[in-house]
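The values are calculated or read from the model by the stated rules, or taken from the named source; none is laboratory data. In this text, all values refer to a predicted model and were calculated from it rather than measured experimentally. Ideal geometry is used to build each Cβ from the backbone, glycine not excepted, and the neighbour counts take in all protein chains shown.
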């Protein structure tokens with residue numbers, strides 16, 4: 001826990017300093033053509049940018065520890081409130097992509113293990129290589145062209161149909177629509193998620209498939225699996241009941257790492273699909289040099305990565321208690 | 001009778017979900033004619049069009065103008081027309097202003113618009129602490145008195161463009177009583193205006209849904225619902241219009257514009273807008289040599305660039321005034337003349353073997369073919385004896401460098417001027433006291449200075465034309481082209497292009513059969 005806290009402080013220091021070193025002054029983007037040097041100085045003071053770097057950091061960090069991330073310069077709203085509105089959209093998208101990636105990757109791994117040394121194995125390997133080689137944003141553009149334009153069966157942008165979007169009480173739309181038994185809205189939300197989820201999930205599926213297959217093949221050579229085979233167990237049951245449990249460990253760890261990368265990937269994917277998540281807002285914040293908002297988003301992303309790593313470790317121990325003892 | 005197994009039930013469930021999703025989409029693609037969906041090229045950061053950085057974003061004015069009214073209206077050809085003010089002007093010696101406020105206008109919450117709303121909006125805009133980026137402009141008038149629907153005020157410092165600003169950036173009338181009741185945050189959550197459309201639903205970075213205001217004082221809205229989808233990626237906007245998910249889109253690559261407008265069911269319209277591409281010249285290094293500056297200008301084949309890189313969508317310009325601007329003077333010509341450019345350079349001791357060297361900064365992808373244009377220009381310069389090194393930067397860096405007078409000797413930029421006044425184009429970009437200028441010299445200031453407060457309009461415009469001629473003669477800036485805005489829309493619609501570039505819903509209607 002202490003390590004996590006120290007990491008977060010490190011993230012805070014790095015992002016704060018980095019934002020003040022990189023070119024792009026938010027005040028320069030707001031200067032009136034008739035502004036005098038005194039007007040510019042007043043504007044700088046208004047956002048606290050007239051203070052020294054250390055002083056700025058101390059003020060900001062003290063406020064952050066009290067839960068106050070400041071106000072966004074461009075959106076003119078409380079940063080915590082803004083993140084609270086957008087983070088759930090990103091989380092829903094990322095978790096859906098994770099579920100898809102793990103299920104699809106796991107299925108491919110099992111199938112290719114079963115099809116080992118058959119011509120079909122090569123076909124699956126080729127497809128898997130393709131999924132692995134093509135980055136998420138290229139998948140996004142390809143999906144837009146195929147499922148959005150050539151065969152327009154899926155919506156191209158947004159989180160739900162603007163014409164019929166209802167008012168939500170919480171920012172967790174997917175969950176809320178289910179709780180309210182509003183299946184029309186639920187299906188609309190899912191439809192809007194399909195393409196971004198595929199774009200994010202396909203590369204993850206490929207990685208999961210490759211690592212899990214390696215682990216499965218290794219497990220399939222173990223004595224207990226050979227014994228089960230001699231007892232007449234079918235190949236499918238051998239893989240699912242005997243090999244999978246022991247093979248899943250390395251895949252889980254890797255999936256945790258890949259999940260953090262995938263959350264980073266939501267930034268560009270949300271932009272392409274005009275998905276109103278944290279990533280899309282982050283790009284606008286960077287364009288506008290909205291320092292309080294960028295700092296808040298990066299800190300939240302940092303906290304998320306740490307939480308995911310903790311959850312991955314905990315899950316690994318749960319699946320294999322030996323890991324708790326090193 | 002068929003047995004329902006767990007596997008079968010799961011399969012049926014998944015199939016039903018997929019079917020529901022696809023059916024849902026059929027509805028989406030077949031939008032009804034009372035709804036207009038615009039795939040818009042910008043997000044809407046804030047509903048308050050008078051404060052913060054978004055207030056000076058020209059693109060977003062299309063949305064603000066749908067929800068709010070400006071003091072003074074503006075037609076698509078940049079001419080001015082009555083807005084919430086039905087009459088306005090100065091007294092004879094221009095020491096006082098008067099404004100007549102329109103009667104019978106109501107806010108979206110049903111309360112009446114009052115002259116007090118107008119006064120409060122003007123006074124608020126003039127206070128720098130409210131965050132109005134052009135508060136200095138609004139502070140030039142004050143001490144207002146209200147008599148019936150008539151407002152009179154004192155001219156604190158004469159600004160000949162003050163009434164033009166009333167149709168320009170941050171020139172919106174805000175609801176005094178409502179704003180004071182709900183505060184800034186409350187206003188962002190539930191904004192009201194007097195415009196033709198009311199805010200119905202909003203999701204940042206996703207969409208804005210507007211509903212027609214049945215009590216609107218002006219022309220009745222053509223659509224019951226207007227949806228702005230915030231699709232900032234140009235490829236995605238192309239997909240939106242091509243798939244039929246949106247009815248109108250804008251600012252797409254010209255290659256796509258030419259392709260889409262030829263497709264069945266789609267139409268396209270393009271118009272020159274109040275946005276120009278230019279190269280700022282900073283008074284430093286080799287640019288202190290007039291021959292180099294003029295040579296750099298004469299060496300550029302603007303028409304060739306427009307034809308080859310922008311597929312003809314653009315208008316070459318030689319001053320910072322576009323043809324639609326009030327101080328445009330077609331007689332000011334610089335002209336493409338590479339031989340003259342080489343001769344000018346030779347006079348200063350430069351040649352292809354001993355070139356004049358400097359850095360040119362440019363954005364990449366901010367404007368259509370910006371980087372490619374600069375590459376082409378650098379190639380043209382090389383042929384006459386200029387060796388320029390390209391430095392790509394983000395627009396935020398440009399602002400920072402420009403404000404600190406630290407731009408490279410040459411820097412590409414685009415300059416918008418939706419009111420077409422020379423003060424807001426040549427003035428703000430060339431007067432040394434303006435934080436947005438790059439060339440700073442006393443000779444130019446001496447010519448520009450008196451024009452800021454010139455009360456005789458004819459003399460003022462003639463003065464600005466003379467300044468433009470002087471700038472061209474001295475080579476203090478390189479104007480390149482006036483941009484053209486491409487708009488693609490469904491064949492059942494009619495779109496009136498707006499020279500100000502704001503694609504307002506009011507300019508879209510159902511096409512007459």
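Only one of these conditions is not met by residue A:73: (1) modelled with pLDDT of 90 or more; (2) within 30 Å of residue B:137 (Cβ to Cβ). Which number is it?
(1)
Here are A:78, A:50, A:68: which of them is touching a strand residue (DSSP E or B) at 6+ places or on another chain (Cβ under 7 Å), within 30 Å of residue B:130 (Cβ to Cβ) and without any contact (Cβ under 8 Å) to a residue 40 or more places away in the chain?
Just one listed residue meets the conditions, A:78.
So which residues in the stretch A:292-306 are in contact (Cβ under 8 Å) with a residue 60 or more places away in the chain and more than 11 Å from chain B (Cβ to nearest Cβ), if there are any at all?
Of everything in the stretch A:292-306, those that are in contact (Cβ under 8 Å) with a residue 60 or more places away in the chain and more than 11 Å from chain B (Cβ to nearest Cβ) turn out to be A:292, A:294, A:295, A:296, A:297, A:298, A:299, A:300, A:302, A:303, A:306.
Scan the stretch B:205-220 and give yes if some residue there is in contact with a strand residue (DSSP E or B) (Cβ under 6 Å, 6 or more places away or on another chain), within 12 Å of chain A (Cβ to nearest Cβ) and closer than 30 Å to residue B:311 by Cα, otherwise no.
no
What number of residues in the stretch B:416-427 are within 26 Å of residue B:390 (Cα to Cα) and at pLDDT below 95? Walk me through how you get there before you give the answer.
At the first step, the residues of the stretch B:416-427 found to be within 26 Å of residue B:390 (Cα to Cα) are B:416, B:425-426.
Pick out the ones that are also at pLDDT below 95 and you get B:416.
Residues that pass the stated criteria total 1.
Taking residue B:131 as the residue in question, decide whether it is farther than 30 Å from residue A:266 by Cβ, surrounded by 17 or more Cβ atoms within 10 Å (Cβ to Cβ) and without any contact (Cβ under 8 Å) to a residue 24 or more places away in the chain. Working first, answer last.
Details: farther than 30 Å from residue A:266 by Cβ: yes; surrounded by 17 or more Cβ atoms within 10 Å (Cβ to Cβ): yes; without any contact (Cβ under 8 Å) to a residue 24 or more places away in the chain: no.
So residue B:131 fails the test.
In this structure, does residue B:399 turn out to be within 17 Å of residue B:482 (Cα to Cα), surrounded by 15 or more Cβ atoms within 10 Å (Cβ to Cβ) and either within 14 Å of another protein chain (Cβ to nearest Cβ) or free of Cβ contacts under 8 Å to residues at least 60 places away in the same chain (or both)?
The answer is no for residue B:399.
Within the stretch B:330-338, identify whether any single residue is part of a loop (DSSP other than H, G, I, E, B) and closer than 30 Å to residue A:287 by Cα, and answer yes or no.
Within the stretch B:330-338, none of the residues are part of a loop (DSSP other than H, G, I, E, B) and closer than 30 Å to residue A:287 by Cα.
Return yes or no: is residue B:474 modelled with pLDDT of 95 or more, out of contact with any helix residue (DSSP H, G or I) (no Cβ under 8 Å at 6 or more places or on another chain), more than 25 Å from residue A:23 (Cα to Cα) and away from every other protein chain (no Cβ under 14 Å)?
Details: modelled with pLDDT of 95 or more: yes; out of contact with any helix residue (DSSP H, G or I) (no Cβ under 8 Å at 6 or more places or on another chain): no; more than 25 Å from residue A:23 (Cα to Cα): yes; away from every other protein chain (no Cβ under 14 Å): yes.
For residue B:474, the condition - modelled with pLDDT of 95 or more, out of contact with any helix residue (DSSP H, G or I) (no Cβ under 8 Å at 6 or more places or on another chain), more than 25 Å from residue A:23 (Cα to Cα) and away from every other protein chain (no Cβ under 14 Å) - is not met.
Just checking, which of A:35, A:12 is more than 22 Å from residue B:398 (Cα to Cα) and crowded, with 18+ Cβ neighbours inside 10 Å?
A:12
Here is a yes/no grid of residues against (1) crowded, with 23+ Cβ neighbours inside 10 Å; (2) assigned to a loop (DSSP other than H, G, I, E, B); (3) not assigned by the TED database to the domain that holds residue B:169:
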{"site": "B:43", "(1), (2), (3)": "yes, yes, yes"}
{"site": "B:50", "(1), (2), (3)": "yes, yes, yes"}
{"site": "B:61", "(1), (2), (3)": "yes, no, yes"}
{"site": "B:64", "(1), (2), (3)": "yes, no, yes"}
{"site": "B:73", "(1), (2), (3)": "no, no, no"}
{"site": "B:78", "(1), (2), (3)": "no, yes, no"}
{"site": "B:92", "(1), (2), (3)": "no, yes, no"}
{"site": "B:110", "(1), (2), (3)": "no, yes, no"}
{"site": "B:120", "(1), (2), (3)": "no, no, no"}
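Can you name the helices (runs of 4 or more DSSP H) wholly within the stretch A:170-286 that have at least 2 residues being within 11 Å of chain B (Cβ to nearest Cβ)?
A:183-220, A:244-272
crowded, with 19+ Cβ neighbours inside 10 Å and either touching a strand residue (DSSP E or B) at 6+ places or on another chain (Cβ under 8 Å) or assigned to a loop (DSSP other than H, G, I, E, B) (or both): which single residue out of B:313, B:371 fits that description?
Of the residues listed, the single one that is crowded, with 19+ Cβ neighbours inside 10 Å and either touching a strand residue (DSSP E or B) at 6+ places or on another chain (Cβ under 8 Å) or assigned to a loop (DSSP other than H, G, I, E, B) (or both) is B:313.
Mind checking which residues of the stretch B:167-215 are part of a loop (DSSP other than H, G, I, E, B), under 17 Å from residue B:105 (Cα atoms) and assigned by the TED database to the domain that holds residue B:99?
B:173, B:174, B:175 - these are the residues of the stretch B:167-215 that are part of a loop (DSSP other than H, G, I, E, B), under 17 Å from residue B:105 (Cα atoms) and assigned by the TED database to the domain that holds residue B:99.
Looking at the stretch B:374-396 only, could you name the residues that are outside any helix (DSSP H, G or I) and more than 14 Å from chain A (Cβ to nearest Cβ)? It would help to see each step written out before you state the result.
Residues of the stretch B:374-396 that are outside any helix (DSSP H, G or I), as a first pass: B:385-394.
Hits for the stretch B:374-396 are B:385, B:386, B:387, B:388, B:389, B:390.
Which of the residues belonging to the stretch B:216-228 are surrounded by fewer than 24 Cβ atoms within 10 Å (Cβ to Cβ) and assigned to a strand (DSSP E or B)?
Selection gives B:225 alone.
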